[in-house]
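To start, the structure itself, in structure tokens.
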Amino acid sequence: MYMRAARFMLAFLLVLCAVPVQAAPRGKVPARWSVTYKPVRIVNGAPVLFRATTPRPVNALTARWLDHEISFTFDAAKKTWFALAGVSLETKPGIYPIELQADMKAGSALTYKQEIRVQKQRYPKVIVLKVPGRFTAPDPEQMKVIERDKQIKADAFKTVTPEREWKGSFARPVTADISDVFGVQRVFNGAVQSTHQGLDFRVPTGTPVSAVNGGTVVLARSLYFEGNCIVIDHGQGLLTLYLHLSEMRVKEGDRLTKGQFIGLSGGTGRATGPHLHLAVRWQGTYLNPAGLLALPLP
């Protein structure tokens, strides 16, 4: 009986081994989500380029990250979705999940979550600067101007054009060395402390300044602290600001292309000397302009 059972088991194994196994087609992988980002090391204050691939074709892709709503654009050349986002200077190191939702036909949707690590960036320490006293101890009449300017800026910053107006990588507004970087803690006249929320270019008065990318001018006025100031809306909550200009050569409502001449550099407003201050603001958060200028964008 033992020998008969052994022969039966052997025959069963031979039949099992004879069943052909179908190989997976070459070049195909199981459909799945994929989310990548640049820079690879994300820090507080950094702009971020997200790219996402969905398991199957979708009509639209949105996401939520760090309490911000993000709209993606489809890149037909690479068959991926992309979006710009950013991390505030105040964001603590940690894991912050990005939650994506892909809308499909007939009202159905796909969702996906991926954890994103934010690391700590150490920015330069305090520097001490001297400016005219009216910028640190304004009188009552000057305070009225400052309050008026706050409202003007608040109205401009409310601008959120849903469509993306920028295209490709962002270009430097001038060809010059950097004189001061983002994130520096400053003390003016030993009394007023603030965080430097932009990037300063070392240029003399009268240097031509260009738009860093396509967009619409939402502010072109002389302000108390900023001097002659231009704000460009690039769409989807992304703004760039150009401060301390000696002349403005565009007006509010103008549509611009990347590299278009917008004005001349100067030292107007609260400035220690002639230079160009470039700031980047995304959905109410100031980001490091150097990071945006370094990102390779579609």
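Dimensions of the range 119-192 based on its C-alpha atoms, expressed as ranges along the principal axes with the largest first, amount to 44, 31, 30 Å. If you average the alpha carbon positions of the range 198-212 and of the range 86-129, how far apart do those two centres end up, in angstrom? The range 198-212 and the range 86-129 have Cα centres spaced 30 Å from each other.
Relative to the dominant Cα principal axis of the chain, helix 140-157 is inclined by about 30°. Over the range 229-298, accessible surface divided per residue gives 33 Å², non-protein components excluded, 1.4 Å probe.
When the Gaussian network model of the chain links Cα atoms closer than 10 Å, the mean-square fluctuations of Pro204, Pro140, Pro97 top out at Pro140.
Mean sequence separation of contacting Cα pairs (under 8 Å, at least six apart), scaled by the length of the range 41-194, corresponds to a relative contact order of 23 percent.
Per residue, how much accessible surface does the range 112-205 expose to a 1.4 Å probe? Answer in Å², no decimals. Write down the numbers at each step before the final one.
On the way: 5800 Å² over 94 residues.
That works out to 62 Å² for each residue.
Charge tally around Thr62: other residues with Cβ under 13 Å, Lys/Arg +1 each, Asp/Glu -1 each, net -2. Computed over the alpha-carbon atoms, the range 148-278 gives an Rg to Rh ratio of 0.95, Rh here being the Kirkwood radius from the mean inverse distance. Using only alpha-carbon positions in the range 42-110, the gyration tensor eigenvalues give semi-axes of 25, 13, 9 Å once each is multiplied by 5 and square-rooted (largest first). May I ask for the percentage of alpha-carbon pairs in the range 232-298 that lie more than 16 Å from each other? The proportion of pairs with Cα distances above 16 Å equals 56 percent. Scoring 284-297, 63-76, 112-125 by mean Cβ neighbours within 10 Å over their residues and listing the highest first yields 284-297, 63-76, 112-125. By the compact-protein rule of thumb, 2.2 N^0.38 Å, the alpha-carbon radius of gyration of the range 22-175 corresponds to a ratio of 1.46. What's the carbon and sulfur percent of the range 211-298's accessible surface, probe 1.4 angstrom, rounded to a whole number? C and S fraction of accessible area: 49 percent. Across the chain, Cα pairs under 8 Å and at least six residues apart give a relative contact order of 16 percent. Equivalent-ellipsoid semi-axes for the chain (Cα gyration tensor, √(5λ), whole Å, largest first): 54, 21, 17.
Of the solvent-accessible surface of the range 81-196, computed with a 1.4 Å probe and all protein chains present, 52% belongs to carbon and sulfur.
The values are calculated or read from the model by the stated rules, or taken from the named source; none is laboratory data. Just so you know, these numbers come straight off a predicted model, no measurement behind them. Backbone-built Cβ (ideal geometry, glycine too); neighbour counts: all protein chains shown. Heads up: the accessible areas ignore ligands, DNA and RNA and are worked out on the full protein's heavy atoms, side chains in. Shrake-Rupley method; radii C 1.70, N 1.55, O 1.52, S 1.80 Å.
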